[in-house]
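Peer 1: Pasting a structure here, questions to come.
The values are calculated or read from the model by the stated rules, or taken from the named source; none is laboratory data. As the structure is a computational prediction, the values presented were derived from the model and not from experiment. Cβ sites come from the backbone with ideal geometry, for glycine too, and all protein chains shown count toward neighbours. With ligands, DNA and RNA removed, areas are computed over all heavy atoms of the protein, side chains included. Shrake-Rupley method; radii C 1.70, N 1.55, O 1.52, S 1.80 Å.
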Amino acid sequence: MADNSAGLLAAIDVGSSKIVCAVAESISPDRFKVVGLGVAKSAGIRNGTIDDIELLNEALIEAVEQAEKTAGATIREVSAGISGTHISSKNMTMLTLPDGEVNKSHIDELYSKLLASGKGQNSRYLAMVPISFTLDGTAGISNPLGLECKRIDGLFHVVMAQSSPCLNIKKALSRSGLTLFQSELLFNPLSSAMALLTPEEKGNGVALIDIGAQLTDIAVFIDGTIQYSAVIEGGGEQITNHISLKAEVDAERAEELKIKMGQVKFNPMQDANESDVLPVYPGFSQQESRTITKQALSSIIDEKVADMLEKVYYRIQDQGLHSQLQHGVVLTGGTSRLKGIDRMAREVFSSHMAGRDMNVRIGRPIIANDTLEFIAPEKYASTRLTGSLAGFSLPEFSAVMGSLYDQNIKISTPGLRSKKNMFGRLKDWIFGNF
Ligand SMILES: Nc1ncnc2c1ncn2[C@@H]1O[C@H](COP(=O)(O)OP(=O)(O)OP(=O)(O)O)[C@@H](O)[C@H]1O
Ligand SMILES: [Mg+2]
């Protein structure tokens, strides 16, 4: 078996419902071929925080072994994404006084000040992304290098995480025999954004909403850069629990119903109705011969999904960014596979937009079935897909494919491979990519 130090890319997403490990062969900075995939049911993690490292290790090893088997390679080094309600983000401004031409040392100074200002004992930075720079009062400068000025105010999007959940994920990886690529954890919504969002979407204003099992990740891009991100509690598991409560079935049966005939905004004119027999359990319903129709199930699901999407909308509105989503919304994550969820997102977001109809699409990583090559969103406009998509081009793999893409850029771009300090590398990469 080949070792992935021999040039393969590998990434892991430790989600609350599944752990996925993906392996790829790099072709060029924006091209790679997916050669291995392993998925295991998650265990030992809740809302992005580990509660049983032994269980998590077993699940990690299962996913990695499956990926190794399909790739025919040994995986040693992985990129890994993290999400969780312990993560928070804010935009911060830092000042420096160059008095002449702006060079890298001025930008380094801004980063050093950022690092010194916000970091607490129990938190660490996951990302510091430049939004824009103001030079001597002129706002909206994207790259100040080489320009003359006396004062730079740099505005940054800063993502902070609690230290312990990060250390625990790193510990779980190393106990499973894995090292973390460049010793950095990635922030999942940024990875999903890399896998899915086109430059046009980011330029025009878009909200990426990754709805998983227990968490919903939000990333808002305006004018080409990230302006807001958040992780909120709630996902597919909440929908399942709501079905369980309302239809009086256990969680396992509720999940089965959701996957089999779950739908959002059932439309009797368009959607074929069907029904399913519900079991009778002691402690749940005592009624005999119960059935549930797709339409009735849909109205249960609608309630919860509308509630979840409203919460996301209000988070974005609180930042005053709702009116700047000129492109609209991209939904991803496993829960975006719920049929009709895009209709509900359109309805929820449009209802606050004074008559403007919001554009909503489901985002999935695009992997061509014939070549197994990942198509970067920057190339959507110029790529003509001739065949079908690979079966694993699924919305729940957005984050892991984005992490692979990120690793691919870092290993195939000279300078980003070097062992500079974390933010030196991050900065180089960010300037090139956001
Ligand atoms: N076809 C489907 N229809 C409806 N829901 C689905 C479907 N497929 C998967 N899901 C739901 O998607 C959720 C899992 O999504 P995903 O794999 O993105 O989560 P995760 O990354 O493990 O968790 P999180 O991001 O919350 O930590 C589950 O709640 C599952 O029920
Ligand atoms: Mg997830």
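Peer 1: Considering only region 382-411, state which residues are under 22 Å from the mean Cα position of the chain (by Cα) and among the hydrophobic types (A, V, I, L, M, F, W, C). Break it down into steps so the answer makes sense when it comes.
Peer 2: Kept after step one, since they are under 22 Å from the mean Cα position of the chain (by Cα), are these residues of region 382-411: 389-411.
Answer for region 382-411, where residues must be under 22 Å from the mean Cα position of the chain (by Cα) and among the hydrophobic types (A, V, I, L, M, F, W, C): L389, A390, F392, L394, F397, A399, V400, M401, L404, I409, I411.
Peer 1: When you look at A24, is it within 16 Å of ligand 2 (Cβ to nearest atom), modelled with pLDDT of 95 or more, assigned by TED's automatic domain parsing to the domain that holds G177 and of a type in the set (G, A, S), yes or no? Step through it out loud before you land on a result.
Peer 2: Numbers: within 16 Å of ligand 2 (Cβ to nearest atom): no; modelled with pLDDT of 95 or more: yes; assigned by TED's automatic domain parsing to the domain that holds G177: yes; of a type in the set (G, A, S): yes.
No.
Peer 1: Still on this structure: Looking at F397, F374, can you tell me which residue is assigned to a helix (DSSP H, G or I) and buried (at least 19 other Cβ atoms within 10 Å of the Cβ)? Lay out the reasoning, then the answer.
Peer 2: On the way: F374 fails: assigned to a helix (DSSP H, G or I).
Answer to the selection: F397.
Peer 1: Is there a residue in region 159-178 that is of a type outside the set (A, V, I, L, M), assigned to a loop (DSSP other than H, G, I, E, B) and either surrounded by 19 or more Cβ atoms within 10 Å (Cβ to Cβ) or in the same structural domain as I411 (by TED's automatic domain parsing) (or both)?
Peer 2: Looking for residues that are of a type outside the set (A, V, I, L, M), assigned to a loop (DSSP other than H, G, I, E, B) and either surrounded by 19 or more Cβ atoms within 10 Å (Cβ to Cβ) or in the same structural domain as I411 (by TED's automatic domain parsing) (or both), one finds at least one in region 159-178, hence yes.
Peer 1: Restricting to region 233-258, give me the number of residues that are open to solvent by 10 Å² or more (accessible area, probe 1.4 Å), within 16 Å of ligand 2 (Cβ to nearest atom) and assigned to a helix (DSSP H, G or I).
Peer 2: 2
Peer 1: For region 331-347, name all the residues that are in a helix (DSSP H, G or I), open to solvent by 10 Å² or more (accessible area, probe 1.4 Å) and either without any contact (Cβ under 8 Å) to a residue 60 or more places away in the chain or within 16 Å of ligand 2 (Cβ to nearest atom) (or both).
Peer 2: G334, T335, R337, D342, R346
Peer 1: Being surrounded by 17 or more Cβ atoms within 10 Å (Cβ to Cβ) and more than 14 Å from ligand 1 (Cβ to nearest atom) is the filter here, so list the residues in region 351-371 that pass it.
Peer 2: Matches in region 351-371: M358, N359, V360, R361, I366, I367, A368.
Peer 1: Inspect all residues belonging to region 98-115 and state whether any of them is open to solvent by 40 Å² or more (accessible area, probe 1.4 Å), assigned by TED's automatic domain parsing to the domain that holds I375, in a loop (DSSP other than H, G, I, E, B) and more than 30 Å from N369 (Cβ to Cβ).
Peer 2: Checked against the condition, which is being open to solvent by 40 Å² or more (accessible area, probe 1.4 Å), assigned by TED's automatic domain parsing to the domain that holds I375, in a loop (DSSP other than H, G, I, E, B) and more than 30 Å from N369 (Cβ to Cβ), region 98-115 yields no hits at all.
Peer 1: Let me ask something additional. Take region 197-218 and flag every residue that is surrounded by 20 or more Cβ atoms within 10 Å (Cβ to Cβ) and either away from ligand 2 (no atom under 13 Å from the Cβ) or not hydrophobic (A, V, I, L, M, F, W, C) (or both).
Peer 2: Result: L197, E201, K202, G205, V206, A207, D210, G212, Q214, T216, D217.
Peer 1: Keeping to region 48-66, report how many residues are in contact with a Leu (Cβ under 8 Å, 6 or more places away or on another chain) and surrounded by fewer than 19 Cβ atoms within 10 Å (Cβ to Cβ).
Peer 2: 1
Peer 1: Continuing with this model, one more query. Of everything in region 206-231, what is near ligand 1 (Cβ under 7 Å from one of its atoms) and more than 10 Å from the chain's Cα centre (by Cα)? Give them in sequence order.
Peer 2: Within region 206-231, A213, Q214, L215 meet the criteria.
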